[in-house]
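First the structure, in the form of structure tokens, and then the observations on it.
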Amino acid sequence: MTEASSTRVGFFTDTSICIGCKACEVACKEWNGVPSALQADGGFEFLGQSYDNTGELGADSWRHVAFIEQKGPAERADGDGGFRWLMSSDVCKHCTSAACLDVCPTGSLVRTEFGTVVVQEDICNGCGYCIPACPFGVIDQRRGDGRAWKCTMCYDRLRGGLEPACATACPTKSIQFGPLDELRTRAASRVDTLRAAGVVDARLYGADPDDGVDGMSAFFLLLDDPEVYGLPPDPVVTTRDLPSMWRSAAAAAGALAVGVAAAFVGRGRR
Amino acid sequence: MTSPPPGPGPGPVRTYYGRPVLKRPVWKWYIPAYFFTGGIAAGSALLAAGGRVTGDDRLARRCLVASSAAVATSGVLLVADLGRPERFLNMLRVAKVTSPMSVGTWLLSAFGTATAAATVSELTGRGRRTGRVAEAVAALLAPAMATYTAVLVADTAVPAWHDARHELPFVFAGGAAASAGALAVLMVPESAAARRLAVGGAAVELAAAEVLERRLGEVGEAYHRGRAGTLKRLATAAGGTGGTLLAVAGRRRRAPQVAGALLVLVGAAAERFAVFEAGVESAIDPAFTVGPQSHRLAAESLAR
């Protein structure tokens, strides 16, 4: 990275102080004009999954608050009779090595001057390649629109010197916005504080620049395994393996050429 | 959320209400259908070149026409699958080596142009030399045409595709040879080369698919479940029976030849749809994402 690294910004989502108010979801929808995530029949759906009726990130949900009700062993109890409630606001990770951006065939997905990953909707032709490429299941095709949509980290607000809508709306500072380096330092000391206070399961997710996506611009402090929150435990950017994939394809292509040639050898037999 | 944490081996995984981690691929049936027609286009261009070189102009001519028809169908399928079909030309505004779809777009454009030019020249008798050059260009690009689609699906986070990245190109190359060979058997019954290509291609396709499933371990399960499993069994039965029929029918017995060729075509098509459905299956079941990843992490922490 060159100059951009000095201005790379991100989100540190500290789930230990999330109260599940969903102000982030609402602020995001309001600011970005994100439509309702309607079902195929045009109605809403109650998921019956605690307080979560958003379900997951998608074309029409750029922030998603997860609610996890846990009845664990007594030593897990935070003084609540063996019950605890995990809440976490998920968002696009804006990966350092972003598979969606790598595979986009139109150049619609780009890296911005803030180190974020954004879809240019005037260019996207809805090929759908970014959707299975994302190891987090973040980006999706909008029903009735055909194009791929996801969090822009409020690119327009950043350009105007403002913080993203979700971070601005968050009443507990569970969602913190700022220069990525600063956030990583702050997050590391927050984990230390929590662990010293006896929250032994506190861990950072996505803060390591040496992980499978070379670090995420949006990273998290979690209180349980990532998969409990619907996050992949060890995401890897698929394009890391691209050279070996092309080598295998070249070998198969060579075999095909040889095979066809061989089929013509010894004409006249049989 | 009280299920036990994953052990070092296969076992129950923890998830968020059992919801998928990955998004379901939005590609419709057009895409696996394109894998099939693209394979036929590529294999037919190679057969045409082989026919030309060995003096079998009838084989060359018919395979060229087949290749053109298949590549035209491919283009229609690909544009139809777009969320914004009217923007298909946006594919040509950049060339990106990190995107197999971008590479494939340029490849398909060049291959399609060459095949079409060669076919027009062949059918009209005009521009013979240009036509021959175009034919050669098409044949040179054909092996890449037949295999890049395997890289396209493998270059995703979908476990049943990504983990199969080293076998899928051979499955697709075998399928291209099998289907183009089988089609040529129907068009030019006396061609021994077409028959051999169909038989050999089907054998390679089925063998590569077998290796793929064995090597994939827990993720290989996606190839046995639901629609993927049904299509897989159809592919194996049709490809195996068709290939055997073609192998024993020889050049004279027409009925088993035709039956064998049709079965090989069905098998090659079913194989592509099976691969596609297995990917979808592995994307929508979080166990395929969470299981292998947490086992990998557990193994790494043991190694430290």
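Scanning region A:146-166 for residues that are within 14 Å of another protein chain (Cβ to nearest Cβ) and without any contact (Cβ under 8 Å) to a residue 24 or more places away in the chain yields a single hit, A:GLY146. In a residue-by-residue description of region A:137-145, the property of being surrounded by fewer than 19 Cβ atoms within 10 Å (Cβ to Cβ), at positive phi, over 14 Å from the mean Cα position of the chain (by Cα) and within 14 Å of chain B (Cβ to nearest Cβ) applies to at least one position. Close Cβ contacts (under 8 Å, 6 or more residues apart or on different chains) running from residues in region B:49-60 that are basic (Lys, Arg) to residues that are part of a helix (DSSP H, G or I) comprise B:ARG52/B:ALA60; B:ARG52/B:ARG132; B:ARG52/B:GLU135; B:ARG58/B:GLY51. Looking across B:LEU265, B:LEU246, B:LEU212, one residue alone is more than 18 Å from the chain's Cα centre (by Cα), at pLDDT 95 or above and of a type in the set (A, V, I, L, M, F, W, C). It is B:LEU246. Is it the case that some residue within region B:179-189 is part of a helix (DSSP H, G or I) and among the polar types (S, T, N, Q)? Yes, because at least one residue in region B:179-189 is part of a helix (DSSP H, G or I) and among the polar types (S, T, N, Q). Of the numbered conditions (1) surrounded by fewer than 17 Cβ atoms within 10 Å (Cβ to Cβ); (2) at pLDDT 90 or above; (3) outside any strand (DSSP E or B), A:GLU56 satisfies every one except a single condition; which is it? Just one mismatch for A:GLU56, condition (1). Taking B:ALA237, is it of a type outside the set (D, E, K, R), surrounded by fewer than 18 Cβ atoms within 10 Å (Cβ to Cβ), more than 13 Å from chain A (Cβ to nearest Cβ) and out of contact with any Leu (no Cβ under 9 Å at 6 or more places or on another chain)? Considered against the rule, which asks whether it is of a type outside the set (D, E, K, R), surrounded by fewer than 18 Cβ atoms within 10 Å (Cβ to Cβ), more than 13 Å from chain A (Cβ to nearest Cβ) and out of contact with any Leu (no Cβ under 9 Å at 6 or more places or on another chain), B:ALA237 comes out as no. Taken as a whole, the structure places A:VAL236 among residues that are modelled with pLDDT of 95 or more and part of a loop (DSSP other than H, G, I, E, B). Any idea which residue in region B:141-163 is farthest from B:LEU216 (Cα to Cα), counting only those that are in contact (Cβ under 8 Å) with a residue 40 or more places away in the chain and among the β-branched types (Val, Ile, Thr)? Out of the qualifying residues, it is B:THR149.
For the structure I just gave you, tell me whether A:LEU204 is more than 8 Å from chain B (Cβ to nearest Cβ), over 25 Å from B:HIS162 (Cβ atoms), under 15 Å from the mean Cα position of the chain (by Cα) and in contact (Cβ under 8 Å) with a residue 24 or more places away in the chain. No.
Going by the structure shown, is B:TYR16 touching a helix residue (DSSP H, G or I) at 6+ places or on another chain (Cβ under 7 Å), at pLDDT 95 or above, assigned to a helix (DSSP H, G or I) and within 13 Å of another protein chain (Cβ to nearest Cβ)? No, not satisfied. Of the listed requirements (1) more than 19 Å from the chain's Cα centre (by Cα); (2) part of a helix (DSSP H, G or I); (3) crowded, with 24+ Cβ neighbours inside 10 Å, B:LEU22 misses just one: (2). Going by what's in this entry, would A:ARG157 be described as touching a Pro at 6+ places or on another chain (Cβ under 8 Å), modelled with pLDDT of 95 or more and surrounded by fewer than 21 Cβ atoms within 10 Å (Cβ to Cβ)? When the stated conditions are applied, A:ARG157 passes them.
Take region B:250-276 and flag every residue that is part of a helix (DSSP H, G or I) and surrounded by fewer than 21 Cβ atoms within 10 Å (Cβ to Cβ).
Hits for region B:250-276 are B:ARG254, B:ALA255, B:PRO256, B:VAL258, B:ALA259, B:LEU262, B:VAL266.
Candidates in region B:80-94 are the residues that are surrounded by fewer than 17 Cβ atoms within 10 Å (Cβ to Cβ) and of a type in the set (A, V, I, L, M); of these, the one that is farthest from the other protein chains (Cβ to nearest Cβ) is B:ALA80.
Out of B:VAL171, B:VAL97, B:VAL133, one residue alone is surrounded by fewer than 21 Cβ atoms within 10 Å (Cβ to Cβ) and at the interface with chain A (Cβ under 9 Å from one of its Cβ atoms). It is B:VAL97.
Being at the interface with chain B (Cβ under 7 Å from one of its Cβ atoms), over 22 Å from A:CYS21 (Cα atoms) and not in a loop (DSSP other than H, G, I, E, B): is that true of A:ASP102 here? It is true that A:ASP102 is at the interface with chain B (Cβ under 7 Å from one of its Cβ atoms), over 22 Å from A:CYS21 (Cα atoms) and not in a loop (DSSP other than H, G, I, E, B).
With the structure loaded, tell me whether B:LEU197 is more than 12 Å from every other protein chain (Cβ to nearest Cβ) and of a type in the set (A, V, I, L, M, F, W, C) or whether it fails that test. Spelling it out, it is not the case that B:LEU197 is more than 12 Å from every other protein chain (Cβ to nearest Cβ) and of a type in the set (A, V, I, L, M, F, W, C). The set of residues in region A:110-131 that are more than 10 Å from chain B (Cβ to nearest Cβ), within 25 Å of B:VAL153 (Cβ to Cβ) and crowded, with 20+ Cβ neighbours inside 10 Å comprises A:VAL117, A:VAL119. Taking the criterion of being surrounded by fewer than 24 Cβ atoms within 10 Å (Cβ to Cβ) and away from every other protein chain (no Cβ under 13 Å), the residues of region B:38-65 that qualify are B:ASP57, B:ARG58, B:ARG61, B:ARG62, B:VAL65. On the stretch given as region B:108-167, residues that are touching a Ser or Thr at 6+ places or on another chain (Cβ under 6 Å) and closer than 18 Å to B:PHE36 by Cβ total 1.
Just to be sure, is B:THR73 within 8 Å of chain A (Cβ to nearest Cβ), outside any loop (DSSP other than H, G, I, E, B) and touching a residue at least 12 places away in the same chain (Cβ under 8 Å)? Before the answer, list the steps.
Values: within 8 Å of chain A (Cβ to nearest Cβ): no; outside any loop (DSSP other than H, G, I, E, B): yes; touching a residue at least 12 places away in the same chain (Cβ under 8 Å): yes.
No; evaluated as a whole, the condition is false for this residue.
The values are calculated or read from the model by the stated rules, or taken from the named source; none is laboratory data. The structure presented is a predicted model; accordingly, all values stated were derived computationally and were not measured. Glycine gets a Cβ as well: all are built from the backbone with ideal geometry, and neighbour counts include every protein chain shown.
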